[in-house]
1. Largest first, how would T406, T366 line up by accessible area (1.4 Å probe)?
2. Run the accessible area of the chain with a 1.4 Å probe and give the carbon-and-sulfur part as a rounded percent.
3. Hey, if you put +1 on the Cβ of every Lys and Arg and -1 on every Asp and Glu Cβ in the chain, which of P47, G23, C418 ends up farthest toward the positive end of that dipole?
4. So, in Å, what gap is there between the alpha-carbon centers of the stretch 21-92 and the stretch 369-404?
5. For the stretch 237-326, how big is Rg over Rh, using alpha carbon atoms and the Kirkwood form of Rh?
6. Quantify how much of the Cα-Cα distance distribution of the stretch 1-75 extends past 15 Å, in percent.
7. So how much slack lies between V232 and E255, counting 0.36 nm per residue of separation and subtracting their Cα-Cα distance, in nm?
8. Could you size up the charge dipole of the chain around its Cα centre, putting +1 on the beta carbon of Lys and Arg and -1 on that of Asp and Glu, and report it in debye to the nearest 20?
Amino acid sequence: MFDPFIAPSGTLLGLLQRGRGDGTLHALAAPRPEALAALHHCVLSDPRHDWQVENRSLYYARLYLDLDGGIEEIERHLFDADDHLDTEDSRTGLALAVLGHLASYGRDDALDLLRRYAATGSNWAWALDELALRDDDAGLRSLAVPVLARFPDDAEGRAELAATVRDAFEPRPWRLWADDPRESVGARVRAASEQGSFDRWQRQMRPGGPRPGWSVQAVFDWAQEGLDRGSVLHVPAARCLSAVAGPEDRPVIVEAARSGPEGARCAALHYLAAEVRDPAVLDLIEAAAAGASHAVAEAAVAAFERMCGEDAVERARRWARRPDALGASAAGVLAGRGSAQDASLVLGALRDAVRGEGPDALRLWTLVDGAGRLGIACAAPVLRHVYRETSSSHLRGRAARALAATDPSFATGFAVECLWDCEETTREVAARHAETGDIRVAERLRRLAADPAEEAEVQSAVRSRIGPDAPAL
């Protein structure tokens, strides 16, 4: 999937793409055709950089309900000719998830569309998972024949069906179909289920990798073989070393970390950093990070991030101003484990990351958390910028938590819009901090408390504000 185009944060489309609470508030205030056009654009062109972890479906489904929006555009998208050309989950997954939430809110048109797509669409498995959570038994049983027709009754088709049943995210439909009295349905699904269980057992009986009795050199060789074929085995190799290495092997492992082959060097660095916490590893990490091998430098930085103890924090204070990956990692260590004396280093790294890499930089995640953990009040302007501009809803949520700890205006500002945010963790922060003097806050808290689709953690936070022991709203 290509990186999506994200509109500026000051536009309605940009707000909705980011999943910001202000997106919903602006959409409800905008002309309805304009709001629906922006909403359709988001649902049909997934704006998430990481669609597997970022939430948008409930956010967009709620907006469909608030705007009384139809699903004709979603239907055209699902049944477009591209559905059989572009079969990636990312093309239709968000639309199907939105339909699932709409169905849970009682939209029968969404339920019917999911059933039709599960019977004929290329991403039928996703649609079936949505139906498994919302449809009744009769509706699911009606899909048995069209779904099983996708798998020819030959050796290849039976193997594919067995893998599908084995790996199904929601097993409910398959369990229903296994009880079907028809030979072409129940017998096929039961046979596929048995075959899938047998395949899993066979894999467990043929484990790969290290065996009891391996030597330190054998583990190093295994790590190098993995690196040669593109598999990163540094961490599991380090765990293997902890099982096979003794005190007498330390000189060999230290030498491997200093000048061994890449695979052995990476494994040795991880072992010395995380498994035995050898003090010599800090100098070895510094040397590896400045070396010519990119793989070893990357492993050295990762090994340092796994280290515990005051020695690692003290060394991070020396490295935090370095302009390389090790310096960025050191700043992250201080953000996560440093003390008040490290506030200036964390703040400097936060500002540098935003200036140099923009509001979506990966290293901002730990730095934003660190600004909140250390209570760096003067970081609030940078955190507000990250909150407004990042396209990552997870990073925005982290910025909201940091602002709650550093910005006195959060309760009357961003916390209010966060009640409509796409991420449940952000809504939870807002439910705990939003100033209830704002009439919108009281109304929204009551609505979240009554919404059956809302996450339990959010509703617990809401009840702490509107429960019998809470101040009256």
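The values are calculated or read from the model by the stated rules, or taken from the named source; none is laboratory data. All of these numbers come straight from a predicted model, not from anything done at the bench. Positions of Cβ are generated from backbone atoms using ideal geometry, with glycine treated the same way; all protein chains shown enter the neighbour counts. In case anyone asks, the SASA skips ligands and DNA or RNA and just uses the protein heavy atoms, side chains included. Shrake-Rupley method; radii C 1.70, N 1.55, O 1.52, S 1.80 Å.
1. Ranking T406, T366 by accessible area, largest first, yields T366, T406.
2. 52 percent
3. Farthest towards the positive pole: C418.
4. 27 Å
5. Using Cα coordinates only, the ratio equals 0.95.
6. Counting pairs separated by more than 15 Å, the tail of P(r) holds 49 percent.
7. Separation in residues times 0.36 nm, less the Cα-Cα distance, equals 6.2 nm.
8. In debye, rounded to 20, the chain gives about 1180.
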